[in-house]
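The values are calculated or read from the model by the stated rules, or taken from the named source; none is laboratory data. Just so it is clear, the structure is predicted and the values come from calculations on it, not from any experiment. All Cβ positions, glycine included, derive from the backbone under ideal geometry; neighbour counts span all protein chains shown.
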Amino acid sequence: MNDDQLLRYSRQIMLPDVDIEGQEKLLAAHVAIIGIGGLGSPASLYLAAAGVGTLTLVDHDTVELSNLQRQVVHRTDAIGRSKTASARDTLLTINPEIDIHTIERKLEPEELRELAERVDVVLDATDHFQVRYQINDACFQAGTPLVSGAAIRFEGQLSVFDPRDEQSPCYRCLYSDATDEGLNCAENGVIAPLVGIIGTHQAMEAIKLITEVGETLTGALLYYDAKYADWRRFSLSRRPDCPTCSGPRHTR
Ligand SMILES: [Zn+2]
């Protein structure tokens, strides 16, 4: 680390749990963020600022006026641009030292698995059930921890699924295959700071996975009801018949 880096990250380095060693782990880490919308915005802002050395941003959408109420990585002049390019520009103004890769299309399951194999942590910041299953399966095939967040209306939830942990359930253990497309913000609405709260929490869990500080949310689901400022934590367990995680675990 050079002098500028020691200064830029000084408030993290001074934490005994992080120290220079933890900051170096962050600088060496590669995180994929899938979905650069309401959750991916705050997650990417904090991971970039905290010095995660490489980010891969995946989103096939362009920025729309109706996104700006909550997708805070995008600016008004980015309307019409791809979300990944818009986010990259914002993130580099905050931290020009990191590497940012962008993928501006939907990934096939095989491509998701290849991406999961290349990175240390995957953040699911999408709002589509089928894609969530695909990301989950890719992470378990690749042996890569997954930080999953969701937010709708006034309610959010968060969990970590870690294939390296024998006891960890996966997303499919929590939700067996849904037949409908689930809920999304375009049809149901979402209150702006909610996605900030959940997305920022995803960034926190990713940093803990990378630095190995504390305990992650693996095996637990955190549920937040913003209307009543009510946080609840539920234990999750593996489903013995889960098609994704009941077989032998891949380890890296
Ligand atoms: Zn499972």
Please verify whether Thr144 is in contact with an Asp or Glu (Cβ under 8 Å, 6 or more places away or on another chain), polar (S, T, N, Q) and either farther than 26 Å from Glu212 by Cα or surrounded by fewer than 21 Cβ atoms within 10 Å (Cβ to Cβ) (or both), treating the condition exactly as stated. no
Helices (runs of 4 or more DSSP H) wholly in the range 1-78 with at least 1 residues that are within 13 Å of the chain's Cα centre (by Cα) and of a type in the set (A, V, I, L, M) - which ones? 40-50
Name every residue in the range 124-180 that is modelled with pLDDT under 95, of a type in the set (D, E, K, R) and away from the ligand (no atom under 16 Å from the Cβ), in order of residue number. Asp127, Asp180
Subset of the range 95-151 that is over 20 Å from Cys245 (Cα atoms) and in a strand (DSSP E or B) - its residue that is nearest to the chain's Cα centre (by Cα): Ala150
Taking the conditions exactly as written (of a type outside the set (A, V, I, L, M), within 25 Å of Leu115 (Cβ to Cβ), crowded, with 17+ Cβ neighbours inside 10 Å and touching a helix residue (DSSP H, G or I) at 6+ places or on another chain (Cβ under 8 Å)), does Thr84 satisfy them or not? no
Output the residues belonging to the range 207-252 that are among the small types (Gly, Ala, Ser), away from the ligand (no atom under 16 Å from the Cβ) and either surrounded by 15 or more Cβ atoms within 10 Å (Cβ to Cβ) or not in a loop (DSSP other than H, G, I, E, B) (or both). Ala226
Just wondering, is there one or more residues in the range 189-197 that are over 20 Å from the mean Cα position of the chain (by Cα) and within 16 Å of the ligand (Cβ to nearest atom)? no
